[in-house]
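The values are calculated or read from the model by the stated rules, or taken from the named source; none is laboratory data. If you're wondering where the values come from, they're calculated on a predicted model, not measured in any experiment. Glycine also receives a Cβ, built like all others from the backbone with ideal geometry; neighbour counts cover every protein chain displayed.
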Amino acid sequence: MSRAVVVGAGIAGLGAARALTEAGSDVLVLEATDRPGGKLRAGEVAGVTVDVGAEAMLHRRPEGTALAAALGLPITHPTTATSRVWTRDALRRLPRTLMGAPLDLDDLAGTGILSADGLDRARHQVVPHPDGDVSVGDLVGRRYGDEVVDRLVEPLLGGVYAGQARRISARSAAPQLLDLLTRDEVSVPGPPADAPPVFAAVDGGMWRLPAALEADLRDRPGVEVRHETPVTAVRRTPTGFVVTTPAGEEHADHLVLATPAAPTARLLADLAPQAARELAGIAYASVALVTFAFRSDDPGVAEALDTGASGFLVPPVDGRRVKASTFSFAKWDWVRDAGEGLLVLRTSLGRFGEEDTLQVPDEGLVSASLADLELATGLTASPVDAVVQRWGGGLPQYWVGHADRVARIRTAVAEVPGLALCGAAYDGVGIPATIGSARDAVDGLLA
């Protein structure tokens, strides 16, 4: 029987391990930290266990919900609460868009998000004809004008990538947008009344997905998962690979690296130097999440927060500290129920290039968040509790040319038989895409 070593116990690494064991391989998973899940993590605020990392996944792409169902985890969907955009000194309804590109200009006009000049430019559309890859910001800006980019595209991309619209690749991050905006007419019918929800989550928190997946793996013969076991080096042998850890060496027929681009580059410096150089060129953004709990019966809390909104996005052009806030209690029924009279919400801070704004004590992030929450909603109450989760280098940046870079990485890796890479650095940062990346990597490995 073959033996595989998987480096990294995030959702990609655990997914790769599951696919390998289903194919009949013995598997050893090595994780540098003290827990599985990567950016899927549980935290506790005022005694309530909540997600302090990713809190949702795309429902219309099946890998995430299918895996949860296979593990016996219940799926839930967001409530009917809707998002806002905090811009031009008001919380404004988020219109119907595709990654910030407006799909109904009359609807957009009614929100007040754009100035009169910005709306006029949006109505005088110019069809872009890009030659090759182009940034999402340049694509939308050419069609609708810069103000649409500044006040709609930037906050939406800030939520997904913590990135900059004029650097993020349309081909890699929004290929459907590239197709749509290069047509003479932009027409996307509204979803039917019985359309499935766009997003889903595991009831009780997305952190339950890697926890259940690791538990499932540990129950399988021939599978071992080790925490607090960083991999310091890998090398090729005539029969496979040697993986070095502080505890010693492990031998494998197959090696899967399910780690972020920078540590993957370091491990491949000698084994696949061209891939390592390309991986080193993938930038990452750092972000911080601040989770709060407020008493719902404190004066002014319900009036400020429990208004039918699921939270708000913030365009960077408005100069606020927070880039978004999610009213978790309003977005997810399970969070409201778990709170038992506490309203749990979170703010997000940090975009690519703004790392200095995060170099403050946790108390500074809490204070900045509370100040912006007061300005946005009128909230003046003190929280019962606040918890800060920092994700240093947490989100890969899919800059223009990313797809070509990934192709070059895979060409270089293919020259090392038995080696595969997977994770959020390649084909999508969402949970379903990352799970799909793991499955594709194993399929290619065993083909």
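Taken over segment 419-442, the criterion of being surrounded by 24 or more Cβ atoms within 10 Å (Cβ to Cβ), part of a loop (DSSP other than H, G, I, E, B) and hydrophobic (A, V, I, L, M, F, W, C) is satisfied by Cys422, Ala424, Ala425.
Consider segment 376-412 and keep the residues that are outside any helix (DSSP H, G or I) and of a type in the set (Val, Ile, Thr). The one that is surrounded by the fewest Cβ atoms within 10 Å (Cβ to Cβ) is Thr380. Exactly one residue out of Asp51, Asp120 is at pLDDT 95 or above, surrounded by fewer than 18 Cβ atoms within 10 Å (Cβ to Cβ) and not assigned by TED's automatic domain parsing to the domain that holds Gly423, and it is Asp120.
Quick check: is even one residue across segment 356-363 of a type in the set (A, V, I, L, M, F, W, C), outside any strand (DSSP E or B) and not assigned by TED's automatic domain parsing to the domain that holds Phe329? Looking through segment 356-363, none of the residues is of a type in the set (A, V, I, L, M, F, W, C), outside any strand (DSSP E or B) and not assigned by TED's automatic domain parsing to the domain that holds Phe329.
Residues checked against (1) free of Cβ contacts under 8 Å to residues at least 40 places away in the same chain; (2) more than 30 Å from Ala288 (Cα to Cα); (3) outside any helix (DSSP H, G or I):
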| site | (1), (2), (3) |
| --- | --- |
| Ile113 | yes, no, yes |
| Asp117 | yes, yes, no |
| Arg121 | yes, yes, no |
| Ala162 | no, no, yes |
| Ala200 | no, no, yes |
| Gly204 | no, no, yes |
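One line per residue, one yes/no per condition, for (1) touching a strand residue (DSSP E or B) at 6+ places or on another chain (Cβ under 7 Å); (2) in contact (Cβ under 8 Å) with a residue 24 or more places away in the chain; (3) not assigned by TED's automatic domain parsing to the domain that holds Glu154:
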{"site": "Leu255", "(1), (2), (3)": "yes, yes, yes"}
{"site": "Ala265", "(1), (2), (3)": "no, no, yes"}
{"site": "Ala269", "(1), (2), (3)": "no, no, yes"}
{"site": "Gln274", "(1), (2), (3)": "no, yes, yes"}
{"site": "Asp297", "(1), (2), (3)": "no, yes, yes"}
{"site": "Val301", "(1), (2), (3)": "yes, yes, yes"}
{"site": "Phe312", "(1), (2), (3)": "yes, yes, yes"}
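The one condition from (1) among the hydrophobic types (A, V, I, L, M, F, W, C); (2) touching a Ser or Thr at 6+ places or on another chain (Cβ under 9 Å); (3) farther than 26 Å from Ala376 by Cα that Val50 does not meet is (3).
Take Ala252 and decide whether it is out of contact with any Gly (no Cβ under 7 Å at 6 or more places or on another chain) and at negative phi. First the steps, then the outcome.
Working: out of contact with any Gly (no Cβ under 7 Å at 6 or more places or on another chain): no; at negative phi: yes.
For Ala252, the condition - out of contact with any Gly (no Cβ under 7 Å at 6 or more places or on another chain) and at negative phi - is not met.
Search segment 179-198 for residues being part of a loop (DSSP other than H, G, I, E, B) and hydrophobic (A, V, I, L, M, F, W, C), and hand back the single one that is nearest to the chain's Cα centre (by Cα). Going through the qualifying residues, I end up with Val198.
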